[in-house]
Amino acid sequence: MKKISLFYREGASDKVYHASLEPKGNGWVVNFAYGRRGSTLTSGTKTSLPVSLDKAEKIYDKLVAAKMAKGYTPYEGGTPYSATDKAGQVSGILPQLLTGVQL
């Protein structure tokens, strides 16, 4: 069984998204719940009928990847990473190998 809680916070938006892979009957289902943190969550399922474990894991992994691509993080703070204005700036410090390289 897999489960994850993802969080998103930006401006006035403070959301939570829970996903879980659970056994049901002879197969597996992928369930989810989402909404504003601290309020009643809307729940649903990505698999209306139980499916094989391999198929359920693919659905679960795709769902989690899609949410993380939208900025959700597994950290309670929920603040997505954003680059700074110094990204790509050369610091002047160059890495050095600990051993010599023979050419």
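Computed from the coordinates by the stated procedures, all read-outs in this text should not be read as laboratory data. Owing to the predicted nature of the structure, the values given are computational and were not obtained by experimental measurement. Using ideal geometry, Cβ is built from the backbone for each residue, glycine included, and neighbour counts are taken over all protein chains shown.
Measuring gaps between exposed loop sites in the chain (chymotrypsin sites (Phe, Trp or Tyr not before Pro); DSSP loop; at most 13 other Cβ atoms within 10 Å), the longest gap, sites not included, is 1-74.
Across the stretch 2-69, C-alpha contacts under 8 Å between residues 6 or more apart give a mean separation that, scaled by the residue count, equals a relative contact order of 26 percent. Pairs from the list K24/K70; K24/K46; K24/K58 with a Cα-Cα gap above 20 Å: K24/K70.
Only aspartates and glutamates eight or more places from K2 in sequence, or on another chain, were considered; those with a Cα closer than 17 Å are E22, D54, E57, D61.
Axis of helix 53-69 versus longest Cα principal axis of the chain: the two differ by about 50°, to the nearest ten degrees. Dividing the Cα radius of gyration of the chain by its Kirkwood radius returns 1.23 for Rg/Rh. Between the beta carbons of M1 and T40, assuming R0 = 30 Å, the FRET efficiency works out to 0.80 to the nearest 0.05. Quote the FRET efficiency, to the nearest 0.05, computed for D54 versus D14 with a Förster distance R0 of 35 Å and r equal to the Cβ-Cβ distance. Efficiency for this residue pair is about 0.50.
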